[in-house]
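Structure record follows, encoded as C-alpha cells.
No value in this document is a laboratory result; all are computed from the given coordinates. The shown structure was predicted, so the numbers you read here are calculated from the model rather than taken from an experiment.
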Amino acid sequence: MSLNFVGISGERIRKVVPTEQTARFVQEMYRLVSPQEQYDVRTLVTLRVAGEVLIGESYACIAPELERRGWLTEEQSQFYWPHWQHDIKRAAIGKYGPSHSDQFSRVLARKLDSEESLRVARESMDAAYRVEAGFFDQFGEYVTKNHEKDL
C-alpha cells in the first residue's frame with residue numbers, strides 16, 4: 001500500500017515540512033542515544049522501546065483500522081503489516097521470539113547485569129516512551145477534529 005492509496009500524493013509528501021514536535025522528537029531521540037553513562041544499555045533500551053515495541057503497538061491499531069476502512073489488506077500491504085509483524089514484542093525478556101523487539105531482548109538480557117544497569121534501563125525506557133508519546137500528541141486534536149466520522 002502506498003500513501004497514494006489513501007489519498008496522499010507524492011507531491012504532498014515531498015513538500016511536507018516537519019512540525020516543531022517532529023523536529024523535537026528527532027532531537028530528543030538523538031539525545032537519548034548519544035554517548036553517555038552506560039551507553040550500550042541506554043541505546044538498546046531506547047531503540048527497543050521507541051523503535052520496535054511502541055511501533056509494533058501503534059501498527060497493531062493502525063493496520064486493522066486501515067483494513068476495516070477498506071484501504072488495506074494484509075496481502076496488499078508492503079509496509080504496515082510486515083512492520084507490525086517484525087516489530088511487535090512477542091516474548092518477555094529472557095524468552096526470545098523472532099521479532100526485532102525480541103531480538104533486542106536477547107542482547108539486552110546480557111547487558112542487564114547489575115542494579116545500576118537495571119536503573120539505567122528503566123530510566124531509558126521511561127524517557128523513550130515520553131519522547132515517542134510526545135511525537136504522537138501532535139496528532140490528537142487533528143485526529144479528533146477531522147476523523148470522528150470515520151471512527
Mind pulling the per residue volume of the convex hull built on the Cα atoms of the stretch 19-134? Å³ is fine.
-> 108 Å³
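How high is the relative contact order of the stretch 19-134, in percent, counting Cα pairs under 8 Å that sit 6 or more residues apart?
Relative contact order comes out at 33 percent.
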Rounded to whole Hz, the Karplus (6.51, -1.76, 1.60) HN-Hα couplings of the stretch 118-130, x for glycine and proline | 5, 4, 5, 4, 4, 4, 5, 4, 4, 5, 4, 4, 4
